[in-house]
């Protein structure tokens, strides 16, 4: 069946080249069929699956495919929770050295940090975590030299602050393929890989999907994503949140994003007063925000109450 699907797809591709002719010679059709059959006869079942997954036959690949826009979906709030599925159980580390996360998804310096930063040296090779198709290769404001790879389930991975981009738009990549070299382009302080996970224009905490420990595990074959894992101010960029994977709709619905977990500092606020207001200790506030009890609070800053 998969071979039939691929034959049809390739046939359509060849046929489009002569679609302007009002009459198609049956000999031409037979020639196209022979070329297609010859092409796929040397392919393994895995290779056939790969080509089908990353063809327009897969609606997740065809939807809003745009090589010029970093986010072709624009403002696209999704109904949550939603489900992501993965065929693989492990990913390939984007770098060859041990992964050291220097900044996490979450609230950072009054702003949302929508990915994770992985330490590297400028010039280190950066590899694709999963099989995919390159959608975007450009210099993007803030991100610097960027590569965006879309995967067969619709998830996109953003590789930013690169010094070199070694792939082209529409390239097919296998997990572990080199897609660029690490650097410090864009709005970056020190060389690192900034990695984002985006689904239909919406950022997800990468650590909810991928375990960045030494085993390179994808956390589950089925992951339900709720608001909690798409809301940066519920997380601290300075420490890892407690990860509880929802593998069913029921589990995901039980997860409620608690909007009272942060506090915007106002004039006259003190750590003692804030702690008393939310029923926590000053020590807990300091630990959650990686600050000292003597820190001077500035109006407009956001404090994490607890995760």
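Any read-out appearing in this document is the output of simple, stated calculations on the displayed coordinates, not a laboratory observation. Values in this document were obtained by computation on a predicted structure and should not be read as measured data. Using ideal geometry, Cβ is built from the backbone for each residue, glycine included, and neighbour counts are taken over all protein chains shown.
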Quiz item: Can you pull the Rg over Rh of the range 260-304, Cα-only, Kirkwood?
Solution: 0.89
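Using Cβ counts within 10 Å as a stand-in for footprinting exposure, how do 220, 237, 93 rank, fewest first?
Ascending number of Cβ neighbours within 10 Å: 220, 93, 237.
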Exercise. Run the numbers on the range 260-304 and let me know its relative contact order in percent, using alpha-carbon pairs under 8 Å that are six or more apart.
Key: 59
Quiz item: Stretched out fully, how many nm does the piece from residue 171 to residue 141 gain, at 0.36 nm a residue minus the Cα gap?
Solution: 8.5 nm
Quiz item: With a ≥ b ≥ c the root eigenvalues of the C-alpha gyration tensor of the range 151-279, is it rounded (a/c under 1.5), prolate (a/b larger than b/c) or oblate?
Solution: oblate
Quiz item: Fewest first, what order do 147, 255, 134 take by the number of other Cβ atoms within 10 Å?
Solution: 255, 134, 147
Quiz item: When a footprinting reagent is the concern and you count Cβ atoms within 10 Å, what order do 97, 305, 116 take, fewest first?
Solution: 97, 305, 116
